[in-house]
Protein chains: 2
Amino acid sequence: MAAWGERLAGVRGVLLDISGVLYDGGEGGGAAIAGSVEAVARLKRSRLKVRFCTNESQKSRGDLVRLLRRLGFDISEGEVTAPAPATCLILKERGLRPHLLVHDGVRSEFGQIDTSNPNCVVIADAGEDFSYQNMNKAFQVLMELEKPILFSLGKGRYYKETSGLMLDVGPYMKALEYACGIEAEVVGKPSPEFFKSALREMGVDASQAQ
Amino acid sequence: MAAWGERLAGVRGVLLDISGVLYDGGEGGGAAIAGSVEAVARLKRSRLKVRFCTNESQKSRGDLVRLLRRLGFDISEGEVTAPAPATCLILKERGLRPHLLVHDGVRSEFGQIDTSNPNCVVIADAGEDFSYQNMNKAFQVLMELEKPILFSLGKGRYYKETSGLMLDVGPYMKALEYACGIEAEVVGKPSPEFFKSALREMGVDASQAQ
């Protein structure tokens, strides 16, 4: 394995995950992971560009950043690439009006989006809001469209909370895909488009990022 | 196309579907489909054996037969092949104790099954009971097993009610399959095993059935 100095030669920017890397979620908002506050501070003092790239889709970027700042991180909203704002850009570009099946905490990200007379469906990690009734409504909206379009903010299988494993958005994406016989468009990691948009925002080429 | 007389040569038994063939579900239990009561009566007067093969898994066989008799059909519980009793046979054969995610209407079919300390999960069309909490519980039970076993009573995508299209069990089966990285065992149509058990109960070989 190449030494770090060698591996980092030519690297100009660093993309950092947030949940499970900078902090662990849980009661009272969560806790910083040991050493991560100082690691971010050191990166920011270095010659490297830093950007945060998350699949968090239960919270708005504002709420997430407020939480991280409370935990001691030097981070601002403009430094975060997240699926909800990325989806809003796509919706605007393609003139799409979504039916939203998302957590209340992230709904504000879609505040500027027209949701009347929907011609697509957007799902995100909705937690308890993944009720049968809400899933059925999303399904019915899709089935009424000539060409059903489904966006999924990430496709994670599950995540860990202090209370145990929790189903993420991926299983519900698969449910709607199967019910409607369609394939969802995933916005968020591991979609290459999502990483590319984070790099674009950082002004760094893929070959120069770690 | 061969004439019916020719096509039916050698046929000794007929398997009939129930929902959407004999009756349509809906308000107040549903309504017989025009001509179906008389068609069943004629088949029963003929030399052919008749058996009913359904994926109904919101009602027990008892409740289903009571509904059909009220609509005028000549049918008894012993003539019906349904996923829930077929699943009970499999559970007993393999010494499995299920965690049940099923509609309350069909729970009585599992009355003789040990559900303590579960070592598998059984899901059926649970309707409103497909809450996030109930799905997450089924997911957690599966993830705690060394070798997760999931039975799905049918794998239908959706069905039609007077109020509109309704998600069936299939999408929720896909959700759990994806979350756990497993493949469910489907009990019910279109599983060949399910049709074979119906034929066995009728005492007719597959080549002699229509």
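Shortest first, in nm, what separates the label point of A:Leu145 from those of the same position in the other copies (7 Å along Cα→Cβ)?
The answer, with the shortest distance listed first, is 3.5 nm.
Rounded, prolate or oblate: which fits the stretch A:166-210, taking a ≥ b ≥ c as square roots of the Cα gyration tensor eigenvalues, rounded meaning a/c under 1.5, else prolate when a/b beats b/c?
Verdict is prolate for the stretch A:166-210.
Longer than 30 Å from Cα to Cα, which of A:Lys92/B:Lys137; B:Lys137/B:Lys160; A:Lys160/B:Lys92; A:Lys137/B:Lys92 are they? Say none if no pair is.
A:Lys92/B:Lys137; A:Lys160/B:Lys92; A:Lys137/B:Lys92
With every protein chain left in place and a probe of 1.4 Å, what is the accessible surface of B:Thr162, to the nearest 10 Å²?
My reading of the accessible area for B:Thr162 is about 110 Å².
For the stretch B:83-187, build the convex hull from the C-alpha positions and give me its volume per residue in Å³.
Dividing the Cα hull volume of the stretch B:83-187 by its residue count gives 98 Å³.
In Å and whole numbers, how far do the C-alpha atoms of the stretch B:1-101 stretch along each principal axis, longest first?
For the stretch B:1-101, the Cα extents along the three principal axes come out at 49, 35, 24 Å.
Can you work out the Karplus-derived ³J(HN,Hα) for every residue in the stretch B:33-39? Use 6.51 cos²θ - 1.76 cosθ + 1.60 with θ = phi - 60°, whole Hz, and x for glycine or proline.
So the J values, rounded to whole Hz, are 7, 3, x, 6, 4, 5, 4.
How would chain A be classified by its alpha-carbon gyration tensor: rounded, prolate or oblate, with rounded meaning a/c under 1.5 and the a/b versus b/c comparison settling the rest?
The shape class here is prolate.
Looking at chain B, send over the antiparallel percent of its DSSP beta bridges, to the nearest 5.
Antiparallel bridges make up about 25 percent of those DSSP assigns within chain B.
Please list B:Lys189, A:Lys44, A:Lys160, A:Lys155 in order of solvent-accessible area, largest first, computed with a 1.4 Å probe with all protein chains present.
A:Lys160, A:Lys155, A:Lys44, B:Lys189
For the protein assembly as shown, what is the largest minus smallest coordinate of the Cα atoms on each principal axis, given in angstrom and ordered from greatest to least?
89, 48, 39
Can you send over the solvent-accessible area of A:Arg7, 1.4 Å probe, protein chains only, in Å² to the nearest 10?
Taking all protein chains as shown, A:Arg7 has close to 100 Å².
May I ask for the distance between the Cα centers of the stretch A:116-139 and the stretch B:147-161, given as a whole number of Å?
Comparing the Cα centres of the stretch A:116-139 and the stretch B:147-161, I get a distance of 20 Å.
Once amide H atoms are built 1.01 Å from N in the peptide plane, which residues 5 or more positions from B:Phe151, or in another chain, come under 5 Å H to H?
Those qualifying (amide H under 5 Å, at least 5 residues apart or on another chain) are B:Val121, B:Val122, B:Ile123, B:Glu185.
If R0 is 56 Å, what FRET efficiency do you get for A:Asp17 and B:Arg70 from their C-beta distance, rounded to 0.05?
Computed FRET efficiency for A:Asp17 and B:Arg70 comes out at 0.40.
Computed FRET efficiency, Cβ-Cβ of B:Glu144 and B:Arg107, R0 22 Å: what is it to the nearest 0.05?
For B:Glu144 and B:Arg107, the calculated efficiency is 0.45.
Can you sort B:Lys92, A:Lys174 by solvent-accessible area, 1.4 Å probe, largest first?
B:Lys92, A:Lys174
Straight distance only, please: which aspartates and glutamates reach the Cα of B:Lys49 with their own Cα at less than 20 Å, same-chain residues fewer than 8 apart left out?
B:Glu6, B:Asp17, B:Glu38, B:Asp74, B:Glu77, B:Glu79, B:Glu193, B:Glu201, B:Asp205
Kindly provide the helix-only [θ] at 222 nm of chain A, computed as the sum of -39,500 (n - 2.57) over DSSP H runs of four or more divided by all residues, to the nearest 500 deg cm²/dmol?
The helix contribution divided over chain A gives -10000 deg cm²/dmol.
Skipping prolines and chain starts, which residues have an amide H placed within reach, meaning under 5 Å, of the one on A:Lys49, given they are 5 or more residues away or on another chain?
The answer is A:Gly13, A:Val14.
So what J values fall out for the stretch A:199-210 if you push phi through Karplus, 6.51 cos²θ - 1.76 cosθ + 1.60 with θ = phi - 60°, rounded to Hz, Gly and Pro as x?
With coefficients 6.51, -1.76 and 1.60, one gets 5, 4, 5, 8, x, 10, 7, 4, 6, 9, 10, 10 Hz.
Tell me which residues come under 5 Å, amide H to amide H, from B:Leu8 once H is placed; ignore anything under 5 positions away on its chain.
Hits under the 5 Å cutoff: none.
In what order, largest first, do B:Tyr178, A:Tyr158 sit by accessible area if the probe radius is 1.4 Å?
Listed by decreasing accessible area, they come as A:Tyr158, B:Tyr178.
Calculate the mean, over all residues of peptide B:137-143, of how many other protein chain Cβ atoms lie within 10 angstrom of the residue's Cβ.
That average works out to 3.
Keeping all protein chains in position, work out how much accessible area B:Arg51 exposes to a 1.4 Å probe, and write it in Å² to the nearest 10.
Solvent-accessible area, nearest 10 Å²: 20 Å².
Of all DSSP beta bridges in the stretch A:83-187, what percent run antiparallel (nearest 5)?
30 percent
Give, in nm to one decimal, the length gained when the segment between A:Leu8 and A:Tyr159 is fully stretched (0.36 nm per residue of separation minus the Cα-Cα distance).
Answer, rounded to one decimal: 51.3 nm.
Apply the Karplus curve 6.51 cos²θ - 1.76 cosθ + 1.60, θ = phi - 60°, to the phi angles in the stretch A:155-172 and return the couplings in whole Hz, x for Gly and Pro.
Per residue, the Karplus-derived 3J(HN,Hα) values read 9, x, 7, 6, 9, 9, 10, 4, 7, x, 6, 10, 4, 9, 6, x, x, 6 Hz.
The values are calculated or read from the model by the stated rules, or taken from the named source; none is laboratory data. Computed from a prediction, not measured in an experiment: that's the story for all the values here. Backbone-built Cβ (ideal geometry, glycine too); neighbour counts: all protein chains shown. SASA here: full protein model, heavy atoms, side chains in, ligands and nucleic acids out. Shrake-Rupley method; radii C 1.70, N 1.55, O 1.52, S 1.80 Å.
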